[in-house]
Every structure is written in C-alpha cells, then in structure tokens.
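Worksheet: the structure to be examined is printed underneath.
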C-alpha cells in the first residue's frame, strides 16, 4: 500500500479505528462474506458504514404517493358503497331487485384500481456522504437515480434525508445529490485521497444495501460489507471510464456505495459485479467536482471517426479506396469518417488523413507520436474546454498540413458518434 498521507493524519485514523467498538454498528449477521479482512480493515468498514445509506428513487414524492393511495382507497370504498346501496334500474323503469355488485369485494375493487398504477419506487441502491454539513453531498451511480424525480436516503443510525439531484454523468455512471431536508443527525463525510494508491493484494471492503433491504415502519436499512483484495488490473468500459477490478463480491444493491482501503479511504464507487468492478477515485472525484460546479460534465468534441493505420489496413479501407498503405505513416491517428454538424466539418479534415501531432492553443502536446493512439486522442479532445482551439498536424497525400478547429460540446451534439 502506498501511504502518501502525512503521518499525523494516518495516526489519527489508526487511533480512531482501533478504539472504535467492533459491535458499534453491526453484529456478525451484518458482515457478509467475511474473508481475510484483519481487525483494522474490519473496523475501517464499520467506521465507514454510518456514512453509507440506502437511496430510494421515486417517480413522485413519497408523500404525494401516500396521499394518492389514500385518495384512491377512499374513492374505491365510496364507489363500493354507492354501487351496493343502489339497485339497478333498467330502461323500462322497473326495478330489478337483488342485482348489485356485492359479489365483488372491496379489496378486489381497490386492488384493481391500484394495480393500474406504476410502482412509485423506480430503483434503489447505495450512496455515501462525499461532503458533510447541513446540506451534505451524496455520491452514487447514475443508473441508481436514472429516470427519477424524487430521492430519499436512509442511514443505519436512523437519520433520513430528502435529496435533490445536482447532476449526473451517464458516461462515467456517476451522480451527485444534495440533502434538502433531513430528520436526525447526518453522518460525517468519508475520506477520499486520490494520491493514495492501493497495491495489488491489499485488503478492501465494499459497503452496500442488498436488494430487498427496503426501509419499512421506521426500521433502519440493513447494510452489509463484502471483503476482498485489490487487483492490480483495470477494465476499459468506455473511452471515459476505466474501472478497477476487485476480487470481492459486489452484489445487487451495492451500486453507488463506497469501496475502501486502509488508509486511503474511499478508493472507488461500486458499479458492477462478476467480476466486481469499481469506478476509481481518480475518475469519480473530477466528475463530482464538475457536477457540483456546473451540474454536468462538459467534454470537448471534434466529430471524427478514428482508428490506427494498421487497423485501417486490416479493415480493407485502402483496397476500397484504391490507396497504397506503404505511402502512409506507420504511426498516427487515421481518420475514417467526418460526422455532420460537428467542428470537424469546418476544420477541413477528410477521411484518409493521418493526425501526426496535436497541440492545444499553440502549446506543445503532451502526447508524443508513440502515445498518439485513438483512446488518448479522444481523451485529449474531451479534456479540452469547449470553445478552445486545438491544432493538428496531419499527413495528406505525402504532405504535412496544419489544421485548427474550435472544440465543440459533446453533450450538445445530435450526432450518433461511433
């Protein structure tokens, strides 16, 4: 484990963790899949559990939904009484005794009415306190809150809070919510240190609320911990998201919760299982900061389809277009397509161009030609502020040309980028 925090801070964490009673927040039944976690990592997980809560994602507010249910029940009851008390009168004016709706029970009528309504709870998952205070900030996954309008979090200490969405980013599956109002004392924020990097084999603990642990009748939700070890391997999910692998068991419901390593604090946000994968701190922290400041993550856009020269040869592009690959540079970014209504159209780029150098606002690129691969190029453009200028040196028909373009906003494009 690489320990970069100062010694005084680490000592403070050690003292707090070791002195904390083991049974303060959980009994043996709460510890799920206990593996090789030693006393320190076990207590570290118990220390973090109070700041980890179960998030419920509602279509309408819980209060409005409750009132709607009451109204429907009253309406159904009144309708039943009305139907039972009135005899059916045919068109000829003669009453037909005994023909009422007594054969249908009140429960059946209410059930039929309620059954036509969609479930109010769209989803549930886990969230944790990223920043504390009266209006604490809660981090979770985008897919936990997607489609919802109202959110609530319940903590194991009994505190509950109504949340509002500050912003979410589907590309990295991260969302940020803010406490609007709460009952009980809100827990403290969990420590995040992006400079502290676990090593292969270091013990980790993931915290979450398994599916089915919904809060009822004021009972605090049932949280669980899963222990395992850090795996020095990453898995690319998209150009913007490279997830860290774990060997523990992140089960359904853990999504959005924290994974911790001692003494780093939160090293990732739980995302997927089989194998267990987390969104590492060096990814989620900048996204949370952007969501807090702007409510969204702005990413630069050029609007070109790209690959390597080698893959262009393998795909048959040169045969299809009657070109000789021997005349082309061996390294660089090969342009395969120009998307309409993007900055690439105005830039003058063409399919078949090869990008051999990149600079931003006239400065030298931090990407050498050896590093100039499609993924690095996309990230370079995405990390450039919208409206800034990127300059490209390209190879075309045996000549080197300079091209400049103003970076567009990936969030605003209507083009289906491949």
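Summarising the label geometry, the points placed 7 Å from Cα in the beta-carbon direction at residue 345 and residue 320 lie 2.2 nm from one another.
Working ranking of peptides 316-322, 392-398 by packing, defined as the average number of other Cβ atoms within 10 Å per residue, highest first, is 392-398, 316-322.
Full extension of the chain segment joining residue 391 with residue 273 gains 38.4 nm, where the gain is 0.36 nm per residue of separation less the Cα-Cα distance. Model label points for residue 294 and residue 195, set 7 angstrom from Cα along the Cα-to-Cβ axis, are 2.6 nm apart.
Relative protection proxy for 276-286, 338-348, 293-303, from highest mean packing down: 276-286, 293-303, 338-348 (other beta-carbon atoms within 10 angstrom). Compute the Cα gyration tensor for region 137-195, then decide on rounded, prolate or oblate, letting a ≥ b ≥ c be the square roots of its eigenvalues: rounded whenever a/c is under 1.5, prolate when a/b is larger than b/c in the other cases, and oblate in all that remain. Oblate shape, in that a/c is at least 1.5 and b/c is the bigger or equal ratio. Taken over region 300-409, the convex hull of the Cα atoms encloses 91 Å³ per residue. Computed on region 261-409, with alpha-carbon pairs under 8 angstrom and 6+ residues apart, the relative contact order is 23 percent.
Only the coordinates and a few stated rules stand behind these numbers; no lab work does. Computed from a predicted model, the values in this text were never measured in an experiment. All Cβ positions, even for glycine, are placed from backbone atoms using ideal geometry, and neighbour counts span all protein chains on display.
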